[in-house]
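First the structure, in the form of structure tokens, and then the observations on it.
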């Protein structure tokens with residue numbers, strides 16, 4: 001793989017090939033059953049639009065990105081979509097690294113070798129994730145012939161084999177579970193289509209985070225070394241493996257960040273907690289009217305989400321920082337529920353006014369502070 005000015009820093013084709021080769025096979029289904037699952041998921045995605053928009057009272061704008069497609073994909077399709085997304089969002093950082101390497105002796109050779117190594121590593125990561133993700137609102141990836149998207153970016157992915165696998169594992173009603181998952185993912189689509197500035201805001205925060213990345217290999221290696229030492233017990237607050245917030249030891253991803261990146265990540269964490277918690281709140285709020293077994297599904301799914309598949313799964317989640325994702329669902333849902341209880345749905349929807357009305361990381365844990373800041377300021 002080459003680009004103008006030299007070899008790309010990630011062999012994206014190798015990443016796709018590696019992930020596709022290593023990903024676990026999906027559940028056994030007949031051809032007719034597979035077609036029925038795909039058709040039902042498409043119907044649920046369509047019907048979820050009306051349910052979610054009525055419950056949230058969020059009006060979808062008619063601008064670019066408002067008509068995002070729903071794609072029912074297999075695990076390989078999810079991998080291709082996410083590699084395209086990584087390629088798009090990481091381009092500025094990789095260009096920066098490539099420029100730095102280009103001036104070094106043998107930089108082109110190092111780039112070619114490093115690109116293949118990174119491609120394999122990314123493929124291994126995606127192979128792990130591809131069997132776990134039920135659905136995803138894909139925000140940044142460009143449209144392709146195989147994976148269409150809206151003009152303004154965005155497409156909704158529902159991963160059919162994973163949904164079938166989990167509904168069988170939990171022993172829940174397939175029709176209800178598929179609709180329940182669709183409600184969660186449709187909420188994400190509504191968030192981005194009803195709030196035109198949200199996509200650009202998140203992208204700017206991600207690019208600011210990547211822009212602070214130190215591309216000097218020696219510095220990065222030193223940070224990784226410090227991170228490993230910290231995870232092994234040196235220098236952590238307390239002796240019980242938990243920090244001051246009781247969250248447990250941080251992941252390597254958290255520990256290799258610069259101070260500026262930690263500030264940006266705090267803002268991104270708050271936004272993602274809001275989005276994920278809002279989706280959980282909506283799926284359960286809509287659920288009782290359209291999903292008869294929603295209480296059973298939620299109870300079983302929460303137990304599965306919290307426990308993981310075993311010790312190896314939990315270790316990998318910790319290493320990759322995926323346990324932070326679980327906290328986002330929990331903390332964000334508590335924030336949304338508390339705010340709606342205090343000021344109603346319309347009062348909560350002030351959160352979508354501008355980046356300034358988004359909750360901070362501290363406010364996610366203390367919803368009353370967000371209400372005081374946003375509502376009292378608006379009323380004064």
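Going from the fewest other Cβ atoms within 10 Å to the most, the residues 131, 182, 204 appear in the order 204, 131, 182. Can you give me the distance in nm between label points at residue 74 and residue 258, each placed 7 Å from the Cα along the Cα-to-Cβ direction? Each label point lies 7 Å from its Cα, and together they span 4.4 nm. Using the Cβ-Cβ distance between residue 146 and residue 338 with R0 set to 41 Å, the FRET efficiency works out to roughly 0.45. Taking 0.36 nm per residue of separation and subtracting the Cα-Cα distance, full extension of the segment from residue 13 to residue 356 would add 119.5 nm. How much length is gained if the chain between residue 42 and residue 306 is pulled fully straight, taking 0.36 nm per residue apart and subtracting their Cα-Cα distance, in nm to one decimal? That pair, residue 42 and residue 306, stretches by 92.2 nm at full extension. Here the spin labels are modelled as points 7 Å beyond Cα on the Cα-Cβ line, and at residue 133 and residue 31 they lie 2.9 nm apart.
All of the numbers you see were taken from the coordinates with simple rules; none came from a lab. A quick note: this is a predicted structure, and the numbers were derived from the prediction, not measured. FYI the Cβ positions are ideal-geometry reconstructions off the backbone, even for glycines, and counts take in every protein chain you see.
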